[in-house]
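Q: Below you'll find the structure I mean.
The values are calculated or read from the model by the stated rules, or taken from the named source; none is laboratory data. Please read all numbers here as calculations on a predicted model, not as lab measurements. Cβ atoms come from the backbone with ideal geometry, glycine included; neighbour counts cover every protein chain shown. Surface accessibility is based on the protein's heavy atoms, side chains included, excluding ligands, DNA and RNA. Shrake-Rupley method; radii C 1.70, N 1.55, O 1.52, S 1.80 Å.
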Amino acid sequence: MPGVPPAARLTIRKGIPVAGGLAGGSADAAAALVACAELWRTGTSRSDLAAIAAELGSDVPFALTGGCAVGTGRGERLSPAMTSGEFHFVLAFADHGIATPDAYRALDRMRGDIAPTLDPNGSRAVLDALRRNDVRQLAAALVNDLQKPALSLSPGCGEPCPRDENSALLPRWCRAPGRRACFSSTAQRPRPG
């Protein structure tokens with residue numbers, strides 16, 4: 001931050017799994033950025049904090065902003081996404097993690113010289129599901145480009161999560177780059193009577 005000597009000692013107590021692929025490190029970086037700006041009374045604007053956050057990592061600006069947003073570029077350029085209602089997710093983790101840089105290197109190897117592209121239809125389906133609060137459509141539309149690379153680094157993580165037919169869970173594989181996240185969205189069940 002301009003005019004401030006770059007020195008601070010912070011202690012962070014993690015509340016989510018390390019290498020879980022849940023952007024915990026990015027959330028920690030965003031929290032540290034805000035804490036230092038407040039501690040040092042820098043008066044740094046939100047947009048300047050977001051620019052600094054983008055230098056720290058692609059998803060740090062999202063952790064700084066929160067809410068529901070669409071990320072473009074490397075993920076650091078955010079636009080708010082309209083939602084109606086809430087979504088609840090159940091995550092089940094394997095007992096080991098995959099370092100995010102390893103997952104991205106595997107993704108780069110798999111893509112080769114093919115540049116990544118954004119599927120506008122997939123993005124529209126996700127945004128439509130969020131606007132309509134349609135958990136089934138959301139479960140069907142979610143994708144994670146790091147799923148295949150994560151499986152290539154940890155093939156044992158390909159085991160499906162068990163599903164009880166009476167459950168309101170909608171299983172969806174969208175593994176995070178770290179530990180396997182058996183990712184299910186919960187459908188609202190009608191209340192009896």
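Q: Kindly evaluate MET82 against the criterion of being open to solvent by 50 Å² or more (accessible area, probe 1.4 Å), under 28 Å from SER152 (Cα atoms) and at pLDDT 85 or above.
A: Working: open to solvent by 50 Å² or more (accessible area, probe 1.4 Å): yes; under 28 Å from SER152 (Cα atoms): no; at pLDDT 85 or above: yes.
It is false that MET82 is open to solvent by 50 Å² or more (accessible area, probe 1.4 Å), under 28 Å from SER152 (Cα atoms) and at pLDDT 85 or above.
Q: For the range 53-79, give me the residue count where each residue is charged (D, E, K, R) and surrounded by fewer than 15 Cβ atoms within 10 Å (Cβ to Cβ).
A: First pass over the range 53-79, keeping only residues charged (D, E, K, R): 55, 59, 74, 76-77.
Filter once more, so that each one left must be surrounded by fewer than 15 Cβ atoms within 10 Å (Cβ to Cβ): 55, 74, 77.
Summing the residues that are charged (D, E, K, R) and surrounded by fewer than 15 Cβ atoms within 10 Å (Cβ to Cβ) in the range 53-79 gives 3.
Q: Name the residues in the range 14-47 that are without any contact (Cβ under 8 Å) to a residue 24 or more places away in the chain and under 22 Å from SER79 (Cβ atoms), would you?
A: Result: SER45, ARG46, SER47.
Q: Here's something else I'd like to know. Can you find a residue that is in a loop (DSSP other than H, G, I, E, B), buried (at least 18 other Cβ atoms within 10 Å of the Cβ) and among the polar types (S, T, N, Q) anywhere in the range 38-52?
A: Yes; the residues of the range 38-52 include at least one that is in a loop (DSSP other than H, G, I, E, B), buried (at least 18 other Cβ atoms within 10 Å of the Cβ) and among the polar types (S, T, N, Q).
Q: Moving on. Within the range 88-113, which residues are modelled with pLDDT of 80 or more, assigned to a loop (DSSP other than H, G, I, E, B), of a type outside the set (Asp, Glu) and more than 19 Å from ASP59 (Cβ to Cβ)?
A: GLY112
Q: Okay, next question. Could you figure out which of (1) in contact with a Leu (Cβ under 8 Å, 6 or more places away or on another chain); (2) in a helix (DSSP H, G or I); (3) open to solvent by less than 60 Å² (accessible area, probe 1.4 Å) isn't true of GLY21?
A: (2)
Q: Could you give every pair whose Cβ atoms fall below 6 Å, whose first residue belongs to the range 123-150 and is part of a loop (DSSP other than H, G, I, E, B), and whose second residue is among the hydroxyl-bearing types (Ser, Thr, Tyr), counting only separations of at least 6 or pairs across chains?
A: From the range 123-150, the pairs are ASN133/SER84.
Q: Would the range 125-136 turn up any residue that is touching a Phe, Trp or Tyr at 6+ places or on another chain (Cβ under 7 Å) and modelled with pLDDT of 75 or more?
A: Yes, there is a match, as at least one residue in the range 125-136 is touching a Phe, Trp or Tyr at 6+ places or on another chain (Cβ under 7 Å) and modelled with pLDDT of 75 or more.
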